[in-house]
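FYI, it's all coordinate maths here, none of it is from the lab. Predicted model, so just to flag it, every value in this text is computed and none were measured. Please note: Cβ atoms are built from the backbone with ideal geometry, for glycine as well, and neighbour counts cover all protein chains shown.
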Amino acid sequence: MKLYELNQQISTILSEAAISEASLETFYILEHVLKISRSTYFLKKSEEVSKEAYERCICIAKERSRHKPLQYILGTQEFMGLCFYVNENVLIPRQDTEGLVEQVLAMAKGGERILDLCTGSGCIGISLKKYMPSLQVTAVDISFEALAVAEKNAQSLQADITFLESDLFDKVTGTFDFIVSNPPYIESAKIPTLMPEVKDHEPLLALDGKEDGLYFYRKIIEESKNYLNLRGMLCLEIGCHQGSAVAGLMKEQGFVQVEVAQDLCGLDRNVYGRIGGNHV
């Protein structure tokens, strides 16, 4: 079979399964299996494909047609220009979260102590360490399986950070200049309405923000005061309709200079503020 024919066959499998970006994902599959770029594809599209490569591509396409995220099938996702390993024990890193990393990098001067709560794949903490190596990063998650993924990523990306299995602050000691987190924030009742790639495959533990989606924000905001240095910063990713609610929670707990930042689509995506008063 020629390469362009394989392209058509994969695209058909994905399109018939109502995969929204079938054409784009077809190229991702070809790139992964054949190690070719899109430009190389057009140069080689009339060349024959080996039986092994053909079977591997079709196997991936059929697995994707069951709405398993392609990132889990291929085992990788790019974030902040870095390649992260992912499996179904962690959320797939999303471009929206890059704004949180960029915000911390813009505020940090170097050498600060960072606590990354609900680290999942480790994408936030590891990216901070990679782009500002002098930072001292501790990454926390309640899931042992998620931490195994994060540790694998830290190893492959050569990021020297500390990992801790803990239910939020339960086992955390010491104080930090920044606490960052992308906690579970989806309302429990809304989870069954999510696209199948999310509700059927991404870990519920990392999605469910309880009844109103604000459960973990309340806990993190209240408890973080005991773990932030004087004028330390709390930086949170939020759902696009949670900006005013989370900002209000931070102000109620004594945070100052509280701001809501938007993503590239103009939607509320991050809330950050500085601890005020006579704290640690």
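Things to note:
- Subset of segment 174-193 (residues that are assigned to a strand (DSSP E or B), of a type outside the set (Asp, Glu) and closer than 23 Å to residue 254 by Cα): 176, 178, 179, 180, 181
- Verdict on residue 20 being loosely packed, with under 13 Cβ neighbours inside 10 Å, within 19 Å of residue 197 (Cα to Cα) and without any contact (Cβ under 8 Å) to a residue 40 or more places away in the chain: yes
- Subset of segment 120-150 [among the aliphatic types (A, V, I, L, M) and assigned to a helix (DSSP H, G or I)]: 124, 126, 128, 146, 147, 148, 149, 150
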